[in-house]
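To start, the structure under review is shown below, and the notes come after it.
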Amino acid sequence: MAFKPRVFSGMQPTGNLHLGNYLGALVRWVEMEKTHECIYCIVDMHAITAAWQDPKELQTAIRDVTAAYIAAGLDPRKSILFNQSQVSAHAELAWIFNCTARLGWLNRMTQFKEKAGKDRENASIGLYGYPVLMAADILVYRGTHVPVGEDQKQHLELTRDIAQKFNSDYRKEIAEAGYTDGEFFPLAEPVIMGTATRVMSLRDGTKKMSKSDASDLSRINMTDDADTIARKIQKAKTDAEGLPSEEAGLASRPEADNLVGIYAALKDTTKLEVLREFGGSQFSTFKKALADVAVTRLTPVNAEMRRLVSDPAEIDRILKDGSERARAIAEPILAETKRLVGFIG
Ligand code: TYM
């Protein structure tokens, strides 16, 4: 079947959103909203997989992430914005996919290994099955395009494997249901684009910027004020040399490469352009310019987020409306899936 292009993506409401989430995903989402039908989810069911979440804090985080989506430029009248747990079709399809996915596939997932760490026996089953729920998130809408940062690539490969195996396991039923090309679920494509698909820690250019890093200086949070942003950039780790004039000069200089990449992404330009302007400059000069760009770009988003979270009832209304629209798409696809599997109902 020629699938209608449909964008799906999501973020976890755990901790603060940071510059990596903003540049690696949100900016792309806003762009795709202009040309595509988009569904953007706050994945609250994923949020409880790694560690116990304080229920009050989880509620606040769900509203904060919703506010961040809108403050970054998404329009809730155009795109569907909702929290995952309000659409139970995700969990139901995930169960069917738990029976499609193979243990061997999940054993290869590097994020599970990283998150579970040494104490694997003590990790939740939910953390292990996390990528299966992610596949269900996408495929319950027959999502075709998934804008994400680099770190989600492996999960999206798994999503394609699950779609392919489901299409193959039920090929007879799928053909009988009238899908002449045998495709019931699309093989969703990752959209990993731009100069900031992997924003690194400000303290260590070899580590991903992450909400779980113990040091707050390692990341710029979307809630940081102008002074904090400037201070974190000023304290960012660098090496002793100045900036090179060509991109090749950034090789084996992860911190320099990261800061130049962040500047390029914030200015919607390329690393090469940035180096044309700053090649030969000292980091002290470049960091001042970077702080200015970051503050100019992020503080209006920050102010809008603050305005939005001051009215939680309005955010809850947006999520309810989004959930209703999401259910209207997901429920018929789930019902058809259940019929293919042989469930009566
Ligand atoms: P999460 O909540 O960890 O991250 C949300 C998005 O931000 C991107 N990202 C980054 N991009 C660049 N540099 C970084 N340092 C950085 N850190 C995070 C992530 O790649 C992601 O796009 N499993 C997903 C959530 C999810 C999902 C889905 C995504 C659940 N279901 C279905 C797409 C489709 C996650 O944990 O993202």
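The values are calculated or read from the model by the stated rules, or taken from the named source; none is laboratory data. As the structure is a prediction and not an experimental result, all values here were calculated from the model. Don't worry about glycine lacking a Cβ; one is built from the backbone with ideal geometry, like all the others, and counts go over all protein chains shown.
Just checking, does the stretch 34-46 include any residue being within 23 Å of S218 (Cα to Cα) and within 12 Å of the ligand (Cβ to nearest atom)?
no
Given (1) closer than 19 Å to K115 by Cβ; (2) assigned to a helix (DSSP H, G or I), identify the lone condition not met by D64.
(1)
Would you mind listing the helices (runs of 4 or more DSSP H) fully within the stretch 69-163 where at least 3 residues are in contact (Cβ under 8 Å) with a residue 12 or more places away in the chain?
Details: elements: 89-98, 103-107, 110-116, 125-139.
Filter on the stretch 69-163 gives 89-98, 110-116, 125-139.
So R203 passes all but one of these: (1) closer than 23 Å to R297 by Cβ; (2) away from the ligand (no atom under 15 Å from the Cβ); (3) assigned to a loop (DSSP other than H, G, I, E, B). Which condition number does it fail?
The one condition R203 does not meet is (2).
Run down G194, G182, G178 and say which single residue is within 18 Å of the chain's Cα centre (by Cα) and not in a helix (DSSP H, G or I).
Unique residue meeting the criteria: G194.
Suppose the filter is of a type in the set (D, E, K, R), farther than 20 Å from N221 by Cβ, surrounded by fewer than 21 Cβ atoms within 10 Å (Cβ to Cβ) and touching a strand residue (DSSP E or B) at 6+ places or on another chain (Cβ under 8 Å); does K78 pass it?
Spelling it out, K78 is indeed of a type in the set (D, E, K, R), farther than 20 Å from N221 by Cβ, surrounded by fewer than 21 Cβ atoms within 10 Å (Cβ to Cβ) and touching a strand residue (DSSP E or B) at 6+ places or on another chain (Cβ under 8 Å).
Name the residues in the stretch 17-32 that are aliphatic (A, V, I, L, M), over 8 Å from the mean Cα position of the chain (by Cα) and within 7 Å of the ligand (Cβ to nearest atom), would you?
Filtering the stretch 17-32 down to residues aliphatic (A, V, I, L, M) leaves 17, 19, 23, 25-27, 30, 32.
Cutting the leftovers down to over 8 Å from the mean Cα position of the chain (by Cα) gives us 17, 19, 23, 27, 30, 32.
Of everything in the stretch 17-32, just one residue is aliphatic (A, V, I, L, M), over 8 Å from the mean Cα position of the chain (by Cα) and within 7 Å of the ligand (Cβ to nearest atom), namely L23.
Exactly one of (1) in a loop (DSSP other than H, G, I, E, B); (2) in contact with a helix residue (DSSP H, G or I) (Cβ under 6 Å, 6 or more places away or on another chain); (3) farther than 21 Å from I220 by Cβ is unmet by L272. Its number?
(1)
For the stretch 201-212, does any single residue satisfy the condition of being free of Cβ contacts under 8 Å to residues at least 12 places away in the same chain and more than 28 Å from H36 (Cβ to Cβ)?
Yes: the stretch 201-212 contains one or more residues that are free of Cβ contacts under 8 Å to residues at least 12 places away in the same chain and more than 28 Å from H36 (Cβ to Cβ).
Rundown of residues vs (1) under 30 Å from T60 (Cα atoms); (2) surrounded by 15 or more Cβ atoms within 10 Å (Cβ to Cβ); (3) in contact with a Lys or Arg (Cβ under 8 Å, 6 or more places away or on another chain); (4) at pLDDT below 95, yes/no style:
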| position | (1), (2), (3), (4) |
| --- | --- |
| I262 | yes, yes, no, no |
| F286 | no, yes, no, no |
| V295 | yes, yes, no, no |
| L298 | yes, yes, no, no |
| E324 | yes, no, no, no |
| G342 | no, no, no, no |
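If only one of T49, T14 is within 13 Å of the ligand (Cβ to nearest atom) and either surrounded by fewer than 17 Cβ atoms within 10 Å (Cβ to Cβ) or modelled with pLDDT of 95 or more (or both), which one is it?
T49
Can you say whether A91 is among the small types (G, A, S), within 20 Å of V132 (Cβ to Cβ) and either within 13 Å of the ligand (Cβ to nearest atom) or at pLDDT below 95 (or both), as far as the supplied structure shows?
Taking the combined requirement at face value, the residue satisfies it.
Could you list, in sequence order, all residues of the stretch 197-244 that are of a type in the set (G, A, S), more than 20 Å from the chain's Cα centre (by Cα) and buried (at least 16 other Cβ atoms within 10 Å of the Cβ)?
Residues satisfying the conditions are G205, A230, A236, G242.
Please enumerate the residues belonging to the stretch 206-227 that are assigned to a strand (DSSP E or B) and in contact with a Lys or Arg (Cβ under 8 Å, 6 or more places away or on another chain).
K208
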